[in-house]
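Structure, as structure tokens:
The numbers here are math on the coordinates, done by the rules we state, and not lab data. Keep in mind the model is a prediction, meaning the values are calculated, not measured. Here the Cβ positions follow ideal geometry from the backbone for every residue, glycine too, while neighbour counts run over all protein chains shown.
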Amino acid sequence: MLNASDTPRSDPFSAAAAATSNATGAHGSDSELQQALWAIEFQKVSKSFGAHQVLVDLDLQVRPGEKVTLIGPSGSGKTTVLRLAMTLGKPTGGDIRIFGESILFEATGKPISAGQETRIRRRCGMVFQQFNLFPHLTVLQNLILAPTTVLRQSREQAEVSALEYLRMVDLQDKALSYPSQLSGGQQQRIAIARALVMKPEILLLDEITSALDPELAGEVLDVVRGVAQQSNVSLLIVTHEMRFAREVSDRIAVFDRGRIIEEGPPDKIFGQPDSERTRSFLQSVLNH
Amino acid sequence: MKAVFEYWPVLAQGLWVTIWVAVCIILGALPGAVVLAALRLSETRAIRVASMLLIELIRAPSAVVLLFWAFYALPLLPGMPRLSPLVAAILVLTLDGAAYGAEIVRAGIEAVHRGQTDACHALGVSKIQSFRKVVLPQALSQIVPGFGSLARSMIKWTAIVSFIGVQDVLYVANYVRGQTFDTLTVFCFLGAIYWILTALCGLTFRALEQLLPLNRALRAARASAHAPEIEVLTGAAQ
């Protein structure tokens, strides 16, 4: 399905990989370098909705290029982690850093400006459970909206780039279709292409197959496998597809009631989990 | 019909005033509605509450009461100008239309799924750009039919301007009725005039709906959903 490797001149992944290495190499002092080692860093992050505490003093780090999957029962706070990293919400406490830069505070402790936040969050991309394609725009228009408005690319330049990504997800023939003319799987592949066209250094995937039947989920997961294998983009994934999580992740973090109860390499988590809660969760999911 | 033909020049003049007032208040209400809706959706609570109170203040009284107030009571307040009947009529009906329209615009914007703005945010698109390029084009599919319905009502609202002496088609028709005593013909003519005006307004808004991007996309989806059926039917015919 992935054709990006057929066109090495225009490999859509190389730019993201280069950007990531630049980001890690751009910092001068040791402490800055130490911080920049993490693509995403949650420091004692908590989040409440009214009286309901969703995240409790969460510490989580993702290295540049690392593929981390969050698993756990529904309502355990996994999606909230992604939404906070994407600045789609503000934590109640703690700090979140993207490549060493706080998305909440300046060095002086003041809240960062909207402009600074925009600059930092441009390094992240997110794909949603419900695709969230723009229904009034064609597939091609969906892909060029952000490059033309945010990156100020010319329409022609943005279209060339968009078509490369459409080829990558094997949907170049749907460029002029509207999202409502596509299957759920095709829509989600377009949503992935739309996120990648902005060349994010971090990609957040929020239960991207939950709204799809198994056959369509397979084609979406194939695209993510391709992204994981061929690019150096950091992936933070929330999924209930355990086989996929095991295959694609460098590390798995198990969530329960707003806390990480266990984390480690996939073989350990799925083979010999330490926590009884992890064992019972995996048992219930895998036997389902 | 003799009464209508005989007095056609004055009736046409009245009709022209009605059309002029209707066009002014509809076109004036549209930006007013957008501004009031934007205030209603403000992130600042004080602005939200103030705009809501203003909308309710305008919507609550009868339009005739507002009209009388603007024309008769307003000049009694210190420093307030005496408005001409036409200006007072256009001002009051525009404000009333803007207040009703604001709720249509607000509802249209709020009907756009939250995921759309989330997706814009995730792509780094600014709030203004996301409103202009994503939210508003989709909201228009909700707003335009609602506003079309309001515009038809607004044409009928113009009938009250005769109460303060604006010589619209109702004012003139009443005059013709007094001169000819042909009540049935004059009021049938009047009914037909309002029917034609509101029908034309409805057709204009229907045409506008066809141009909206989301409606275009839905039409394309419907056409492609029916395409296999059409192919089967043509195949069977061959």
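With a 10 Å radius around each residue's Cβ, average the other Cβ atoms per peptide and rank B:140-148, B:208-216, highest first.
Peptide ranking by packing, descending: B:140-148, B:208-216.
Between the residues B:183, B:125, B:224, the greatest Cα displacement towards the positive end of the dipole of the protein assembly as shown, with unit charges on the Cβ of Lys, Arg, Asp and Glu, is found for B:183.
One chain, two ends: residue B:62 and residue B:180. Fully extended at 0.36 nm per residue, the span grows by 39.2 nm beyond their Cα-Cα distance. For chain A, adding -39500 (n - 2.57) for each run of n ≥ 4 DSSP H residues and dividing by the number of residues yields -12000 deg cm²/dmol at 222 nm. For chain B, relative contact order (Cα pairs under 8 Å, six or more residues apart, normalised by length) works out to 27 percent.
Percent relative contact order of region A:4-286, based on C-alpha pairs within less than 8 angstrom and at least six residues apart?
That works out to 25 percent.
Springs between Cα atoms under 10 Å define the GNM used for chain A, and in it the highest mean-square fluctuation of A:72, A:218, A:258 occurs at A:218. The residues neighbouring residue B:207, those whose beta-carbon lies less than 15 Å from its own, together hold a net charge of +3 under the Lys/Arg +1, Asp/Glu -1 convention. Helix B:213-237 and the longest principal axis of the Cα set of chain B meet at an angle near 60°. Reported to the nearest whole Å, the Cα centre-to-centre distance from region A:58-108 to region A:111-126 is 13. Between residue A:183 and residue A:279, the FRET efficiency from the beta-carbon distance, with R0 = 25 Å, is close to 0.10. Structure note, pairs A:174/B:127; A:47/A:78; A:44/A:78; A:67/A:199: Cα-Cα distances above 21 angstrom occur for A:174/B:127.
To the nearest whole number, what is the average tally of beta carbon atoms from other chains within 10 Å of the beta carbons of peptide A:127-134?
Averaged over the peptide's residues, the number is 5.
Its Cα centre serving as origin, chain A has a Cβ charge dipole (Lys and Arg +1, Asp and Glu -1) of approximately 600 debye.
Between region A:169-225 and region B:88-162, the C-alpha centres lie 32 angstrom from each other.
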